[in-house]
1. Answer yes or no: is there a residue in region 25-35 that is of a type outside the set (A, V, I, L, M), in a strand (DSSP E or B) and farther than 19 Å from Glu420 by Cβ.
2. State yes or no: is Val387 surrounded by fewer than 18 Cβ atoms within 10 Å (Cβ to Cβ), at pLDDT 95 or above and among the β-branched types (Val, Ile, Thr)?
3. Of all the strands (runs of 3 or more DSSP E) wholly in region 40-81, which have at least 1 residues that are of a type in the set (Phe, Trp, Tyr) and out of contact with any Gly (no Cβ under 8 Å at 6 or more places or on another chain)?
4. Residue under question is Leu298, and the condition is that it be surrounded by 24 or more Cβ atoms within 10 Å (Cβ to Cβ), in contact with a Phe, Trp or Tyr (Cβ under 6 Å, 6 or more places away or on another chain) and not assigned by TED's automatic domain parsing to the domain that holds Gly18; does it hold?
5. Scan region 225-236 and tell me whether some residue there is within 30 Å of Asp337 (Cα to Cα) and either at pLDDT 95 or above or open to solvent by less than 20 Å² (accessible area, probe 1.4 Å) (or both).
6. Please verify whether Gly24 is open to solvent by less than 70 Å² (accessible area, probe 1.4 Å) and at pLDDT 95 or above, treating the condition exactly as stated.
7. May I ask you to list the residues in region 308-350 that are over 23 Å from Gly245 (Cα atoms), within 13 Å of the ligand (Cβ to nearest atom) and either open to solvent by 10 Å² or more (accessible area, probe 1.4 Å) or assigned to a loop (DSSP other than H, G, I, E, B) (or both)?
8. Going residue by residue through region 419-427, is there one that turns out to be of a type in the set (Asp, Glu), in contact with an Asp or Glu (Cβ under 7 Å, 6 or more places away or on another chain) and more than 20 Å from Leu268 (Cα to Cα)?
Amino acid sequence: MTSSAPSHLFQNCLLFDGVHFLEGFALRTDSQGKIAEMGPDLNPNSSDLVVDLNGRWLLPGLVDCHVHFREPGLVRKEGYLTGSAGALHGGVTTVLEIQNNPPLMESAALLRKKMEDLRGVSRVDYAPYGSLTRASIGALEGMKGLVPAVKCFLGASTGSGGVKNLPEMRELFSAAQRAGHQVVAHCEDDEVMRQANKAASPETASRHDLMRPVEAETKSIQDAISVAEETGVRLHVFHISTKIGAELVRQAAQRGLPITGTTGPQYLLVEANEAARAPQNRFKVNPSIKYAEDRIALISAIEEGLLQGVGTDHAPHPLEDKARPYQKAPSGFPSIDLLLPLMISAHDRFGLSLERALAAVTLDPAEEFGLKQKGRLAVGADADLVVCDPETSKVVKESELPSKSKWSPYNGRELRAFPEQVYLRGKLVFENGKPIGKPCGRPLFL
Ligand SMILES: [Zn+2]
């Protein structure tokens, strides 16, 4: 495929390749939108556009492995045009996206149509997950090679498609295993949550951390791991919110099972009391935000590489929906617009190393989902690049964020390392806080 990207020579960068920072490096892109050369001593060719970064960071475009863009079906809440503009603002150039409103992605035909329809709409590269439901079992074979994995909800959440019981889980995991898919799962146990709701007092009934307690995640992950072991399927647990959840995944992996997981920035940065104080249920999210010991354990799990990174779970809703009384307010909030600064905040506030904070949103998820061209600066990889000045901080102003909701639970926080420029396959697509040009994102698996 031809590309009109000019070749660039980025000089004087502090370059992060996905694992390490390399000082005084230069990087050349080619006209095909790939990384052509990297090294300390590169001289400009006559055709190069030279960009002197003056010591700024040059990073791989971020990979967000868990977003909801609500298209098709619920574009009034987001859509790819605004969602992908938000992604660029957060330094994200690749999204792995979960359709959790109708139509679920229960067939290859639906997936192909979705991916085709998003050409010229998405500003970032994209790959929707297949939906793993009873209705999609017969279609899993046909989804091979079209999706990074298949998604199932263990327990009810905002959105559709929850798995009701263990026999159903077995049936779904076996079917995914037969078709050769990895299963990605939301793990919270319905019965534990029902009991918590039954036992609620007027004081506890609007505490999301008590209505969706630690035990709900524990029980669900335990069940999912045992069914994964029985069926032999590869299992990835999304947005782990508890110390014990991370521990269960670690123990399973130590036993040699193909069990992995990710967490979300909210579980690294926020605790239940703060979430409960936020107005308009802004931090109401599933799984619920837990406690200091969980947050600290999840930071360690990312530091030590025991989890395979971080995905935002960007889940946009209009603020008037969130402002309903607690019971009626939907779960989830927008956050992709801030992913890079939020990860740097986990370093600044809680001591996560810069290298691991960045790897968690670049190389880790790219490796986990087999994206060889993404999440790394290496010769031959896609020239998806983020330029940022780590010394410049800014107060988050929610009305200025590009994704559709125009609110953020992080409004008013001072963060740093906002992307100044973003390149997608060698082409400048974002500058000065705004997307540039026509959307040119491509499907990864079509
Ligand atoms: Zn989600």
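The values are calculated or read from the model by the stated rules, or taken from the named source; none is laboratory data. What you see is a predicted model, and the numbers here were worked out from it, not measured in a lab. Because the Cβ atoms are built from the backbone with ideal geometry, glycine has one as well, and the counts that use them run over all protein chains shown. In case anyone asks, the SASA skips ligands and DNA or RNA and just uses the protein heavy atoms, side chains included. Shrake-Rupley method; radii C 1.70, N 1.55, O 1.52, S 1.80 Å.
1. Yes, the conditions are met somewhere in region 25-35.
2. Details: surrounded by fewer than 18 Cβ atoms within 10 Å (Cβ to Cβ): no; at pLDDT 95 or above: yes; among the β-branched types (Val, Ile, Thr): yes.
So Val387 fails the test.
3. Numbers: elements: 49-52, 57-60, 62-67.
Correct list: 57-60.
4. It is true that Leu298 is surrounded by 24 or more Cβ atoms within 10 Å (Cβ to Cβ), in contact with a Phe, Trp or Tyr (Cβ under 6 Å, 6 or more places away or on another chain) and not assigned by TED's automatic domain parsing to the domain that holds Gly18.
5. yes
6. Here the answer is no, as Gly24 does not meet what is asked.
7. Pro316, His317, Pro330, Pro334
8. Among the residues of region 419-427, at least one is of a type in the set (Asp, Glu), in contact with an Asp or Glu (Cβ under 7 Å, 6 or more places away or on another chain) and more than 20 Å from Leu268 (Cα to Cα), which makes the answer yes.
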